[in-house]
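Inspection log for the structure reproduced underneath, given as C-alpha cells.
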Amino acid sequence: MVAGTGTVLASYGRGVLVQAGAITLQCALSGRKQRIVCGDRVSWAYPPSADGPSVLAVEPRRNLIERIDARGRPEPVAANIDQLAIMVAAQPAPDWFLVDRYWAGAVLKDLGCLLIVNKLDLGTDAIQPELKTYRALQLNCAEVSAQSGAGIAGLKLALAGRVTLLVGQSGVGKSSLVNALAPEAAAQTAELTRDVEGRHTTTTARWYPLDADSALIDAPGVRDFAPPAHLVRAAERGFIEIHALSVACRFKDCRHMEEPGCAVRSALELGQLAARRYESYRRLCRLYEKLAS
Ligand SMILES: Nc1nc2c(ncn2[C@@H]2O[C@H](COP(=O)(O)OP(=O)(O)O)[C@@H](O)[C@H]2O)c(=O)[nH]1
Ligand SMILES: [Mg+2]
Ligand SMILES: [Zn+2]
C-alpha cells in the first residue's frame, strides 16, 4: 500500500500516528504547517524519494474539541467526537466545578455526556450526594472499578458505536480504564509512542480502538475544557437546568446575578436549583468575563 486514508491515533510536534486498516503508520506532516489532532481523518501517501509516509490532507471535521490554555487561547485537543466521558472517583476528591465545566463544554458542542464514577471498590458514599444531583439532571452516571472489573460490561454498552473523549482529574483512573477496556491497544500505543518521541508523553490525546466502530480517547491534562471566551452567554446554555429556568426571567438578557425578577435566583432560594451548580455557573461566567477582558 502506498497511499490511503486513516484515523489519527495521536499527534506530536513533528508527526502523527495514523491507523490505516490493520496497519499503524508514523506519518510526517507535509507542506504548510498542518494542525492535526487525535481523531482526525487523513489521507496519506509515500511521496517519491521520501523515506516514510506523510499526511496529504485532513478531511473536514464533524467537530473540534478545544481546551483553553493559560492565556485563554483555544488549543485543539481532538476531532470527530460523539460523546464526552467525565471520570471521577471518591479519591482523589472530585473538583465538581471542573465536572460542571466539562459537562457545559459537552452541551455546547452538542456532544453526549456520561459521568464515569471509578474506584467503586473503594466505596462511593462520600460522593453520592453529588451523584444524586447529576442523576436528577438526567446525566448518565456509570459506577465502575477499573481494578476489579465491576460495572465494566455495562460501561461498554454506553461506549458502543461511539467515539468517546475521556477526561478527568489526574489519578482518577483514566489510564487504568483504557487498560481494562483495550489492553492490546494500550500496550501497542505505549510502544509506538516511545518510537515517535523517544519517551512517553502524557500531554497529548490518544485514540484507543475498542472495536470496529467504538473508540476511547484518553485526553490527559485537559483541565480547561470550555468554549471560546467571546461566548459569555454560552455559560448559561451549558447548565441545562439554569438554561431551562431562564425562560421565566424578567429580562431576556438576564445573567442571573443581581437582576430583579430572576427565575434562576428564585429557584435557588426555593431549593429547586442546587447551590453548588449555581456557584459553578457563576464561576464559569466570571472566568469568561476575565478571559474576554
Ligand atoms: N482502588 C482502585 N484504584 C484504582 C482504580 N483504577 C485506578 N486505580 C489507581 O488509581 C491510580 C491512578 O490511576 P491512573 O489510571 O494512572 O489514573 P489517570 O491519571 O486518570 O490516568 C493508580 O494507582 C491506579 O492503580 C480502581 O478501580 N480502584
Ligand atoms: Mg493517565
Ligand atoms: Zn435570571
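The values are calculated or read from the model by the stated rules, or taken from the named source; none is laboratory data. Keep in mind that this is a model prediction, so the values were computed, not measured. Heads up, the Cβs are rebuilt from the backbone with ideal geometry, glycines too, and the neighbour counts pull from every protein chain shown. Note: areas computed on protein heavy atoms with side chains; ligands, DNA, RNA excluded. Shrake-Rupley method; radii C 1.70, N 1.55, O 1.52, S 1.80 Å.
Odds and ends about this structure:
- Overall dimensions of region 113-189 as given by Cα atoms, namely Rg and Dmax in Å: 12.8, 40
- Here region 41-161 is treated with +1 on each Lys and Arg Cβ and -1 on each Asp and Glu Cβ, and its dipole about the Cα centre works out to around 220 debye.
- Close amide-amide hydrogen proximity is noted between ALA146 and LYS119, LEU120, each under 5 Å apart and 5 or more residues distant or on a separate chain (H modeled in the peptide plane; Pro and chain starts excluded).
- Of all lysines in the structure, those lying under 30 Å Cα to Cα from LYS156, and not within fewer than 8 positions of it along the same chain, are LYS109, LYS119, LYS132, LYS174.
- Judged by the mean number of other Cβ atoms found within 10 Å, the most tightly packed of the peptides 55-64, 10-19, 261-270, 98-107 leads the ranking 98-107, 10-19, 261-270, 55-64.
- Top positive-direction residue, dipole computed over region 235-293 with Cβ charges, set TYR278, CYS254, ALA292: ALA292
- For region 55-174, the convex hull spanned by the alpha carbon atoms encloses 137 Å³ per residue.
- Normalised by the number of residues in region 23-148, the mean separation of alpha-carbon contacts (under 8 Å, six or more apart) gives a relative contact order of 18 percent.
- Convex hull volume of region 1-99 per residue (C-alpha atoms, cubic angstrom): 148 Å³
- Annotation: per residue accessible area for the chain equals 48 Å², rounded to a whole number [probe 1.4 Å, protein chains only].
- Each Lys and Arg adds +1 at its Cβ and each Asp and Glu adds -1 at its Cβ; summed about the Cα centre, region 1-102 shows a dipole of about 320 debye.
- Carbon plus sulfur fraction of accessible area for the chain, probe 1.4 Å, in percent: 52 percent
- Largest first, the extents of the alpha carbon coordinates of the chain on the three principal axes equal 71, 45, 29 Å.
- Under 9 Å, Cβ to Cβ, from ARG283 - net charge with Lys/Arg +1 and Asp/Glu -1: +1
- ILE116 long-range amide H proximity, modeled H, under 5 Å: ILE86, MET87, VAL88, ALA142
- Summary of the geometry: region 152-169 and region 1-70, compared by the centres of their Cα atoms, lie 24 Å apart.
- Ranking ALA158, ALA78, LEU115 by Cα position along the charge dipole of the chain, where only Lys, Arg, Asp and Glu carry charges on their C-beta atoms, puts ALA78 farthest toward the positive end.
- Listed as lacking a disulfide-compatible partner in the chain: CYS27, CYS38, CYS113, CYS141, CYS262, CYS285, by the criterion of no other cysteine Cβ under 4.7 Å.
- Hydrodynamic estimate: the Kirkwood radius of region 112-152 over Cα pairs, inserted into Stokes-Einstein at 37 °C and 0.692 mPa s, corresponds to D of 311 µm²/s.
- Couplings for region 9-17, taken from phi via the Karplus curve 6.51 cos²θ - 1.76 cosθ + 1.60 with θ = phi - 60°, read 7, 7, 10, 10, x, 9, x, 9, 9 Hz in order; Gly and Pro are left as x.
- Summing +1 for each Lys or Arg and -1 for each Asp or Glu among the other residues whose beta-carbon sits under 14 angstrom from that of GLN147 gives 0.
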